[in-house]
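Peer 1: Once you've had a glance at the structure underneath, I'll fire off some questions.
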Amino acid sequence: MEPLESFSKVVKGRRSVRGFLPKAIDDKTLNDIFTLAQHAPSNCNTQPWAVHVASGKTLESLRESLSTAISRGDYDMDFFYSGTYEGIYKTRQVGAAKALFGAMGITREDKQGRDEAFSRNFRFFDAPHVAFLFIPEEFGVREACDIGMYAQTLMLSMKAHGIDSCPQTALGFNARIVKETLNVPQGLKLLFGISFGYEDTQMPANAARVDRVELSECVTFHKE
Ligand SMILES: Cc1cc2nc3c(=O)[nH]c(=O)nc-3n(C[C@H](O)[C@H](O)[C@H](O)COP(=O)(O)O)c2cc1C
């Protein structure tokens with residue numbers, strides 16, 4: 001396959017998967033995925049991503065403690081997030097929600113259904129692995145961009161290895177529990193997490209497809 005063709009296949013093949021099989025990824029593949037992702041660019045090559053990957057019993061413990069905490073309203077975020085958008089961003093947010101809830105058969109009026117779908121975030125959509133992405137606390141927006149570039153490189157690396165993923169802001173909703181469970185060193189702030197593993201193709205949520213706006217809505221070419 002030509003490089004452009006295989007790159008395009010990986011980029012277009014990556015999408016947020018919200019239902020995984022209970023099948024762990026072998027250690028070599030895990031190591032290869034994260035080794036490849038190290039090639040992500042960063043400001044002055046500072047590579048400010050500090051990544052903690054949870055699997056096995058540690059992950060099961062987090063699944064329970066995070067789910068319980070969030071269901072009780074125990075939030076502890078390192079970065080504020082309101083979840084509310086305005087204007088075109090609101091329109092796009094609603095479009096994504098419609099695609100997801102539509103695939104899951106959840107109507108607009110079904111508050112319980114929506115709440116249950118939301119709570120699956122904290123069970124990592126049954127994934128066998130989750131990566132938590134931290135940034136040193138002295139860093140700001142510029143270095144947070146490095147984490148974003150790393151995250152996309154990581155998810156593309158996963159896809160190229162046959163692994164699906166879901167980036168989740170929700171996984172930063174109680175940073176205290178994540179840090180305590182994983183013994184994360186002082187001085188790191190949690191941005192978000194990525195659940196990953198083998199897609200459960202039977203899961204209705206995984207039938208959801210979101211589109212993208214026209215190129216001209218986001219990109220302006222200044223030619224003269
Ligand atoms: C930084 C980031 C945080 C996200 N947080 C969540 C989340 O908490 N829960 C969730 O279900 N999806 C989350 N998503 C997935 C987005 O909804 C998804 O990327 C978007 O709808 C585009 O769909 P696609 O990833 O399938 O292309 C997040 C995506 C990004 C990039």
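Peer 1: Determine, from the Cβ-Cβ distance of GLU137 and SER216 and an R0 of 45 Å, the FRET efficiency 1/(1 + (r/R0)^6), rounded to the nearest 0.05.
Peer 2: 0.70
Peer 1: Cα centroid distance between the stretch 80-137 and the stretch 1-73, in Å?
Peer 2: Between the Cα centres of the stretch 80-137 and the stretch 1-73 lies a distance of 18 Å.
Peer 1: Could you derive backbone 3J(HN,Hα) for the stretch 34-40 from the dihedral phi with the Karplus parameters 6.51, -1.76 and 1.60 (θ = phi - 60°), listing whole Hz in sequence and x where the residue is Gly or Pro?
Peer 2: Rounded to whole hertz, the list is 6, 5, 5, 5, 4, 6, 4.
Peer 1: Right, something else. Using θ = phi - 60° and the Karplus relation 6.51 cos²θ - 1.76 cosθ + 1.60, list the HN-Hα couplings for the stretch 203-215 in order, rounded to whole Hz, with x at every Gly or Pro.
Peer 2: The phi angles translate into 6, x, 4, 7, 8, 5, 10, 10, 9, 10, 6, 4, 3 Hz.
Peer 1: Taking a temperature of 4 °C and a viscosity of 1.567 mPa s, what whole-number D in µm²/s does Stokes-Einstein yield for the chain with Rh from Kirkwood over alpha carbon pairs?
Peer 2: Translational diffusion coefficient: 69 µm²/s.
Peer 1: Note down the nm distance, to one decimal, between modelled labels 7 Å out along Cα→Cβ at GLN93 and at GLN152.
Peer 2: The modelled label-to-label distance comes out at 2.2 nm.
Peer 1: Hey, can you find the accessible area per residue of the stretch 15-111 for me, probe 1.4 Å, expressed in square angstrom?
Peer 2: 64
Peer 1: Additional query: Going through the stretch 104-158, which GluC sites (Glu not before Pro) have at most 12 other Cβ atoms within 10 Å and a DSSP loop state?
Peer 2: GLU109, GLU137, GLU138
Peer 1: Please name whichever of GLN47, GLY105, ALA144 sits farthest to the positive end of the charge dipole of the stretch 42-186, dipole taken about the Cα centre and charges placed at Cβ: Lys and Arg +1, Asp and Glu -1.
Peer 2: GLY105
Peer 1: Ranked from the most accessible area to the least, with a 1.4 Å probe and all protein chains present, what is the order of HIS129, HIS39, HIS161?
Peer 2: HIS39, HIS161, HIS129
Peer 1: Let me know the charge dipole size of the stretch 122-224 about its Cα centre in debye, to the nearest 20, where only the beta-carbon of Lys, Arg (+1) and Asp, Glu (-1) is charged.
Peer 2: Result for the stretch 122-224 is approximately 160 debye, rounded to the nearest 20.
Peer 1: Please state the charge dipole magnitude for the chain, taken about the Cα centre, from unit charges on C-beta atoms (+1 on K and R, -1 on D and E), reported in debye and rounded to the nearest 20.
Peer 2: Around 400 debye, computed over the chain.
Peer 1: Under 15 Å from the Cβ of PHE34, count the other residues' Cβ atoms, weight Lys and Arg +1, Asp and Glu -1, and hand me the total.
Peer 2: Here the charged neighbours net out to -1.
Peer 1: I would also like to ask the following. Tell me the GluC sites (Glu not before Pro) within the stretch 1-94 that lie in a loop according to DSSP and have at most 10 other beta-carbon atoms within 10 Å.
Peer 2: Those that pass, being in a loop and sparsely packed, are GLU86.
Peer 1: Which percent of the accessible heavy-atom area of the stretch 38-83 goes to carbon and sulfur, probe 1.4 angstrom?
Peer 2: The value for the stretch 38-83 is 50 percent carbon and sulfur by accessible area.
Peer 1: In cubic angstrom, how much convex hull volume per residue do the alpha carbon atoms of the stretch 1-77 span?
Peer 2: Roughly 179 Å³ of hull volume per residue.
Peer 1: Moving on. Given the -39500 (n - 2.57) contribution per DSSP H run of 4+ residues, what per-residue ellipticity at 222 nm results for the chain, rounded to the nearest 500 deg cm²/dmol?
Peer 2: -13000 deg cm²/dmol
Peer 1: Sticking with this one: List the chymotrypsin sites (Phe, Trp or Tyr not before Pro) within the stretch 129-224 that DSSP assigns to loop and that have no more than 13 neighbouring Cβ atoms inside 10 Å.
Peer 2: Listed in order of number, the matching sites are PHE221.
Peer 1: Find which of PRO167, VAL213, LEU156 sits farthest along the positive direction of the dipole of the chain, computed with +1 on the beta-carbon of Lys and Arg, -1 on that of Asp and Glu, about the Cα centre.
Peer 2: Looking along the dipole axis, the top candidate is VAL213.
Peer 1: Find how much the distance from GLN202 to PHE79 grows on full extension, using 0.36 nm per residue of separation minus their present alpha carbon separation; answer in nm with one decimal.
Peer 2: Result: 40.8 nm gained on full extension.
Peer 1: Give me the distance in nm between label points sitting 7 Å out from Cα along the Cα-to-Cβ direction at THR35 and GLN112, one decimal.
Peer 2: So the two model labels end up 5.0 nm from each other.
The values are calculated or read from the model by the stated rules, or taken from the named source; none is laboratory data. On a predicted model such as this, the values are computed, not experimentally measured, just so you know. Every residue, glycine as well, gets a Cβ built from its backbone with ideal geometry; the counts of neighbours run over all protein chains shown. Calculation scope for accessible area: heavy atoms of the full protein, side chains included, ligands and nucleic acids excluded. Shrake-Rupley method; radii C 1.70, N 1.55, O 1.52, S 1.80 Å.
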